[in-house]
Amino acid sequence: MTDAPKAMTDLIDLMARLPGLGPRSARRAVLHLIKKRGQLMGPLAEAMAQVSATARECLNCGNIGTTDICEICQSEKRGNGMICVVEDVADLWAMERSAQFKGRYHVLGGTLSALDAIGPDELRIPKLLDRIASEQISEVILALSATIDGQTTAHYIADQLPGVTVTSLAQGVPVGGELDYLDDGTITAALKARRAL
Amino acid sequence: MIEWREDGVVLAARKHGETSAIVEVFTAEHGRHAGVVRGGASRKMAATLQPGAQVDITWKARLDDHLGHFTIEPVRSRAQAMGDRLSLAGLNAVAGLLTAALAERDAHPPLYRRTIQLLDLLGEKEVWPLAYLQWELALLDEMGFGLDLGACAVTGATEGLVYVSPKSGRAVSAAGAGEWAAKLLPLPPVLRGQGDADDSEIREALGTTGYFIEHRLIKGSGDRPMPAARARLLDLIGRV
């Protein structure tokens, strides 16, 4: 593959396994890192070692942090009686970027899928039910994908939560979206969720 | 290069590598058929590849037994089902049963037409459960396990039919059942196109069709379970 020493080819092989990278782009990245050894490679190696040693899943919500209970779950300010249910940690981070939601989260770890044999017990749904009982939750916001699997999961969770207000994110025209470019499903959803001005 | 083009319904899509997807569709002339969609894992394709979506499919492969590649264009979305739990459960049950019960590349044009008619009725809460029951009967019929509910298998009587034999799929009257009644399946009037067809009767009828689907179609083609989505649909009928 390359004339580089074994340590470097091993690094290239490992980098090539990352999402979005192939052998060619991994080789370019490694070469770039070697050229910027002082400014980039050293700090990167240190940061990776630190994250590798400390990263763990929050025992309460499934978020990724550096402690057994993540900062969001520990914060008393976030205990406002609202839980936002998301599929994945990436979705949690997206919600946090918006800085609009001030409650706590619950990461399911996926969606129900008959095809992949993923049932409620494979997700963190039982833990969610425990939390709703123990944390005096008054509203559950289901921030799940607008896909058949995502919405099937949302309806399933809603059925498990009698006595709690269950809401879901609105679906419709995205910011900057032009109607001409939207699929008919999105237009249908937007029309159903229309509101008075 | 072998090529065909046809309309179909998306049954399932599974990510393949970083950017592609293996998509399973149901078409009239090519039955349940799989193929690779390049770029199928992209956000742009996500809406098109949702189960139940009606699509225009072009399949190309070098040899007939190759998996081949699909080029897929949207024809009609079923996204309106996502807002309604009965429609969503129904859509999942239809896709799940077709995936589990049909042999690959086995053409079933009448069943395809019935499936499109059923999906077009999604959201019509008053008629959908009955339409779904009739679709399951059509599925059994198309696969060669149609129920014979015209006359009693024991006495030949055409009146007073209240059971279905789990062995033969034929109707049995109360008089003909005798001591075997406890081992027979119920035959509510709705299965013969009679009666009020209320939700409880439809649920009972779906219990009977479910027995034949599970034992003749699903377990008959391997040790597979009934799709969980069907149980969820039964749970919702009458409750929603």
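Summary table
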item: Qualifying residue in region B:185-197 (condition: within 14 Å of chain A (Cβ to nearest Cβ), crowded, with 20+ Cβ neighbours inside 10 Å and touching a Ser or Thr at 6+ places or on another chain (Cβ under 8 Å)); result: no
item: One residue from A:G185, A:G176 being of a type outside the set (S, T, Y) and surrounded by fewer than 17 Cβ atoms within 10 Å (Cβ to Cβ); result: A:G176
item: Number of the condition not met by A:G20 [criteria: (1) surrounded by fewer than 16 Cβ atoms within 10 Å (Cβ to Cβ); (2) part of a loop (DSSP other than H, G, I, E, B); (3) on the phi < 0 side of the Ramachandran plot]; result: (3)
item: The listed residue being buried (at least 22 other Cβ atoms within 10 Å of the Cβ) and either touching a Ser or Thr at 6+ places or on another chain (Cβ under 6 Å) or free of Cβ contacts under 8 Å to residues at least 24 places away in the same chain (or both), out of B:G40, B:G35, B:G52; result: B:G40
item: Leading residue by the ranking (surrounded by the fewest Cβ atoms within 10 Å (Cβ to Cβ)) among those in region B:23-32 that are away from chain A (no Cβ under 11 Å) and outside any loop (DSSP other than H, G, I, E, B); result: B:G31
item: Meets criteria (outside the structural domain of B:L98 (by TED's automatic domain parsing) and more than 21 Å from B:A93 (Cβ to Cβ)) for B:R32; result: no
item: Region A:109-150 - residue that is polar (S, T, N, Q) and under 16 Å from the mean Cα position of the chain (by Cα) and, of those, farthest from the other protein chains (Cβ to nearest Cβ); result: A:T111
item: Qualifying residue in region B:64-79 (condition: in a helix (DSSP H, G or I), within 24 Å of B:M143 (Cβ to Cβ), touching a residue at least 12 places away in the same chain (Cβ under 8 Å) and more than 13 Å from chain A (Cβ to nearest Cβ)); result: no
item: Hey, A:M15 buried (at least 16 other Cβ atoms within 10 Å of the Cβ), more than 30 Å from B:A101 (Cβ to Cβ) and of a type outside the set (F, W, Y) or not; result: yes
item: Residue satisfying condition, being modelled with pLDDT of 95 or more and in contact with a strand residue (DSSP E or B) (Cβ under 7 Å, 6 or more places away or on another chain), within set A:A143, A:A49, A:A94; result: A:A143
item: Conditions (1) farther than 20 Å from A:Q151 by Cβ; (2) touching a His at 6+ places or on another chain (Cβ under 6 Å); number of the one not met by B:A61; result: (2)
item: Sole exception among (1) modelled with pLDDT of 90 or more; (2) touching a helix residue (DSSP H, G or I) at 6+ places or on another chain (Cβ under 9 Å); (3) not polar (S, T, N, Q) for B:V240, by number; result: (1)
item: Residue within region A:168-190 that is out of contact with any strand residue (DSSP E or B) (no Cβ under 8 Å at 6 or more places or on another chain), in a helix (DSSP H, G or I) and away from every other protein chain (no Cβ under 14 Å) present; result: yes
item: Condition broken by A:V85, with the remaining ones in (1) surrounded by 14 or more Cβ atoms within 10 Å (Cβ to Cβ); (2) away from chain B (no Cβ under 14 Å); (3) free of Cβ contacts under 8 Å to residues at least 60 places away in the same chain satisfied; result: (3)
item: Some residue of region A:44-62 being more than 14 Å from every other protein chain (Cβ to nearest Cβ), exposed (fewer than 12 other Cβ atoms within 10 Å of the Cβ), free of Cβ contacts under 8 Å to residues at least 40 places away in the same chain and assigned to a loop (DSSP other than H, G, I, E, B); result: yes
item: Enumeration of residues in region A:67-92 that are of a type in the set (S, T, N, Q) and closer than 21 Å to A:S168 by Cα; result: A:N80
item: B:G52 being more than 12 Å from every other protein chain (Cβ to nearest Cβ), on the phi > 0 side of the Ramachandran plot and part of a loop (DSSP other than H, G, I, E, B); result: no
item: Residue among B:L121, B:L133 that is within 30 Å of B:R14 (Cα to Cα), touching a residue at least 40 places away in the same chain (Cβ under 8 Å) and surrounded by 14 or more Cβ atoms within 10 Å (Cβ to Cβ); result: B:L133
item: From B:G40, B:G96, residue being within 14 Å of chain A (Cβ to nearest Cβ), touching a helix residue (DSSP H, G or I) at 6+ places or on another chain (Cβ under 7 Å) and on the phi < 0 side of the Ramachandran plot; result: B:G96
item: Scan of region B:136-148 for residues that are surrounded by 19 or more Cβ atoms within 10 Å (Cβ to Cβ) and in contact with a strand residue (DSSP E or B) (Cβ under 9 Å, 6 or more places away or on another chain), ordered by number; result: B:L147
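The values are calculated or read from the model by the stated rules, or taken from the named source; none is laboratory data. Note that the structure is predicted; figures quoted are calculated from it, not measured. Note that we place each Cβ from the backbone using ideal geometry, even for glycine, and neighbour counts take in every protein chain shown.
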